[in-house]
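K.L.:
One structure, pasted below without further comment.
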Amino acid sequence: MTKLNPILYFLFLSSSLFAQPTLVKNIQPGLGSSVFLSLEKSAVAGNYLYFMANDDVHGFELWKSDGTAAGTVMVRDIFPGKSQDGPQQLYAAYKNQLYFTARDTTHETELWRTDDAEGAVLLTDACPGTCDGAQYFQPLPMAVYQDKLYFRSLTPGTGQELWVTEGDSAGAMLVKDIDPGGTDSNPYLLTVFQDKLYFVCDSANWGRELWVTDGTEAGTRPVKNINPTLSFSVGDSGIDGLVIGPDALYFWAKSDNATGKELWKSDGTEPGTVIVKDINPGSGNGASGKPLNNSAWLGSDLIFVANDGATGEELWITDGTEAGTMLLADINPGASGSGIQIFGAVNGSVLFKANDGSTGYELWITDGTSAGTVLLKDILPGTFGSFRSFDSDFIVFQNKLFFTAEDGVTGRELWISDGTPDGTMLFADVASGSTESIPSHYRLIGNTLFFFAQTNATGRELWKYDLSSVGTKAPESSLPFELNPTVSNTGIFNLVLDRHLIQSGSYRLEVHDLTGQLRTSRTLAGVSQAIDLSALPSGAYFVRVLEMQSNRNGIKKVFILK
């Protein structure tokens, strides 16, 4: 979008409290773009950001960056030439390596991982020849559980089933042939909850239902046949998202033809797998058009989007009981809905975008009450709205929301909000000329925020921003965890994550000194583990835990006194 009124733009920019981001590297020199807005893919593993880029020599390949130009390099030319084949999707961080799917000149789509020596290696040729051993069409096909990587893989003898590895192809093992023979069980939505791994899969006897495993064949079983009335071909319970709550998994499910898809929860047992509320009575769906992970926890209450058949898709709240599940606000009066996308919790409230029918898509806030669900700021006055109707990119860091919005002056740029109108402002105008930068794919490594953005001079490339200026004091934690002791003579600490509020089984641990420098990092699995920081010198450190799916994080201060 062309920017408006350069005089207003200059006055606005001059009042900015923040420095400008920096270009990491112009991978495709000149005006060309190494990344494209609709094709962007990135993930964090170890101390690197991995992403897909095209340098106009090798086609789209996997790259990595440590935040410096010299440290931004192609991982491996997996599919030589300028083809768009090669890396396909980036999935999971495990033992500081990235697991992803790729296709080379010899193999179809299989599971690969990064490698410090070779850049990237094929993990296993699960389906030799012309078939795909690792082509995934459903979300979350892998997860870290019990310090192992569980993933879906297709082999000619078993079909697509659940496998496990410790990172080497020789050690990859089938967990269970859930749908025996060559038919597929297609496990997906792999989610760790209360020291078990849950997932959704198909079986000839059950159809598509919720399953659980403790990592053994005998311990891999269905939780409950939620919908015994529908045939296998129809899709059965239709679970499309798993969200971890205080004492249960929450999800949308359809139990029969009479109730539609509604809000359910499960504590992992058959009697504890129950409908929470028939939000849209009758055969209509209470479920919104998005999976339930378009939600956020506010204390022990889940803020989510649902449709009661009268108000359209609007903002709801639940405490896990039928009586405590209710509409918070009919933001766009009538049956059309307000197109809500929930961003996350900031300073005791949940921020989200919504369209009330008069201001367009703008930034809203809720404290969990109807009276406290209000428009936070009309960033772009008028009916157009500061957000596009499609999903906007965002990330939460130290109780601040970073997001992409436009104000009619600077175009789509990087904004920040602390949950107050005055604290919602332009954070960085990357393209300070006549075009907008449209920043996207926000990722954090330490205090460094990575994202893609475009300028007239560079095209669309990788950028970064040092968030140390936002503050390195430990904020209110949006990801609760315990760390004991706080003072250690050995450098050994015991870390316990609050398993009731964890939304996936993959977490990242970072340790910073008081200047904000990242000293060490690793991928965590499970809810409790010993953290060995004995290699660090005596001093004070911030320990940060980042939940990889939701980007929630928590920070605690510790001391090493040797």
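K.L.:
Can you tally the net charge around residue 40? Count Lys and Arg as +1, Asp and Glu as -1, for every other residue whose Cβ sits under 12 Å from the Cβ of residue 40.
P.N.:
On the way: positive: 41, 443, 460; negative: 393, 461.
My count for the surroundings of residue 40 gives +1.
K.L.:
Going by average Cβ neighbours within 10 Å, how do the peptides 50-59, 443-452 rank, with the highest at the top?
P.N.:
443-452, 50-59
K.L.:
Same structure, new question: In Å and whole numbers, how far do the C-alpha atoms of the range 143-183 stretch along each principal axis, longest first?
P.N.:
29, 18, 11
K.L.:
So how strong a dipole does the chain carry about its Cα centre when Lys and Arg Cβ are +1 and Asp and Glu Cβ are -1, to the nearest 20 debye? Kindly include the intermediate steps, with their values, before the conclusion.
P.N.:
Working: 39 positive and 64 negative charges, 231 e Å.
My answer is approximately 1100 debye.
K.L.:
Still on this structure: Please state the shape class of the range 33-87: rounded when a/c is under 1.5, otherwise prolate if a/b exceeds b/c and oblate if not, all from the C-alpha gyration tensor.
P.N.:
Working: a/c = 1.71, a/b = 1.48, b/c = 1.15.
Taking the square roots of the gyration eigenvalues as a ≥ b ≥ c, the range 33-87 is prolate.
K.L.:
Any chance you could check the Cα centroid distance between the range 164-183 and the range 386-431 for me, in angstrom?
P.N.:
44 Å
K.L.:
What spacing in nm lies between the two simple spin-label points modelled at residue 195 and residue 130, each 7 Å away from Cα in the Cβ direction?
P.N.:
It works out to 5.0 nm between the two label points.
K.L.:
Here's something else I'd like to know. Lysine pairs in the range 57-203 8 or more apart or on different chains: how many have alpha carbons under 18 angstrom apart?
P.N.:
Counting lysine pairs in the range 57-203 gives 5.
K.L.:
Then there's this: What per residue convex hull volume, in Å³, do the alpha-carbon atoms of the range 252-411 yield?
P.N.:
Numbers: hull volume 18.6 nm³, N = 160.
Cα convex hull per residue, to the nearest whole number: 116 Å³.
K.L.:
Which one, 173, 98, 241, projects farthest toward the positive side of the charge dipole computed for the chain from Cβ point charges (K/R +1, D/E -1)?
P.N.:
Projecting each Cα onto the dipole axis, the largest value belongs to 98.
K.L.:
How far is it, in nm, from the label point at residue 38 to the one at residue 536 when both lie 7 Å from their Cα along the line to the Cβ?
P.N.:
Placing both labels 7 Å beyond Cα along the Cβ direction yields 4.5 nm.
K.L.:
Same structure again: Quick test of your reading: applying the under-4.7 Å Cβ rule, which cysteines of the chain are isolated?
P.N.:
Taking the Cβ cut-off of 4.7 Å, the unpaired cysteines of the chain are 201.
K.L.:
Under a straight-distance cross-link criterion of Cα-Cα below 17 Å, which aspartates and glutamates are reachable from residue 464, leaving out those fewer than 8 residues away in the same chain?
P.N.:
Within the straight-line limit of under 17 Å, residue 464 reaches these aspartates and glutamates: 40, 66, 393, 413, 429, 436.
K.L.:
Another one. Going toward the positive end of the dipole of the chain, with +1 on Lys and Arg Cβ and -1 on Asp and Glu Cβ, which of 360, 136, 420 do you reach last?
P.N.:
In the chain, that residue is 420.
K.L.:
Report the extension gain between residue 375 and residue 84 in nm, rounded to one decimal, defined as 0.36 nm multiplied by the number of residues separating them, less their alpha carbon distance.
P.N.:
Details: separation 291, 0.36 × 291 = 104.76 nm, distance 4.28 nm.
Using 0.36 nm per residue and subtracting the Cα-Cα distance, I get 100.5 nm.
K.L.:
Further, regarding this structure: For the charge dipole of the chain, defined by +1 on Lys and Arg C-beta atoms and -1 on Asp and Glu C-beta atoms about the Cα centroid, which residue among 558, 274, 509 has the Cα displaced farthest towards the positive pole?
P.N.:
Looking along the dipole axis, the top candidate is 558.
K.L.:
Net charge within 14 Å of residue 538 by Cβ-Cβ distance, Lys/Arg positive one each and Asp/Glu negative one each, not counting residue 538 itself?
P.N.:
On the way: positive: 519, 562; negative: 513.
That sum, taken over residues with Cβ under 14 Å, equals +1.
K.L.:
Still on this structure, I have one more. Going by a ≥ b ≥ c, the root eigenvalues of the Cα gyration tensor, does the chain fall in the rounded group (a/c under 1.5), the prolate group (a/b larger than b/c) or the oblate group? Could the numbers behind the result be given before it?
P.N.:
Values: a/c = 1.35, a/b = 1.10, b/c = 1.23.
Rounded, since a/c falls under 1.5.
K.L.:
If you don't mind, another one. Between beta-carbons, use under 13 Å as the cut-off and find the net charge around residue 322, counting Lys and Arg +1, Asp and Glu -1. Walk me through the numbers before you get to the answer.
P.N.:
Working: positive: 265, 277; negative: 262, 278, 319.
After counting each charged neighbour, the total is -1.
K.L.:
Work out how much length residue 121 to residue 57 would gain on full extension: take 0.36 nm times their residue separation and subtract the Cα-Cα distance, in nm to one decimal.
P.N.:
Details: separation 64, 0.36 × 64 = 23.04 nm, distance 2.12 nm.
Contour length minus Cα-Cα distance gives 20.9 nm.
K.L.:
Sort the range 51-146 into rounded, prolate or oblate with this rule: let a ≥ b ≥ c be the square roots of the eigenvalues of the Cα gyration tensor; rounded if a/c is under 1.5, and if a/c is not under 1.5, prolate when a/b is larger than b/c, oblate otherwise. Write down the numbers at each step before the final one.
P.N.:
Details: a/c = 1.85, a/b = 1.17, b/c = 1.58.
It comes out oblate by the Cα gyration axes.
Since every read-out is calculated from the coordinates, none of them should be taken as a lab result. Here the structure is a predicted model, which is why all the values come from computation and not from measurement. Virtual Cβ from ideal backbone geometry, glycine too; neighbours counted across all protein chains shown.
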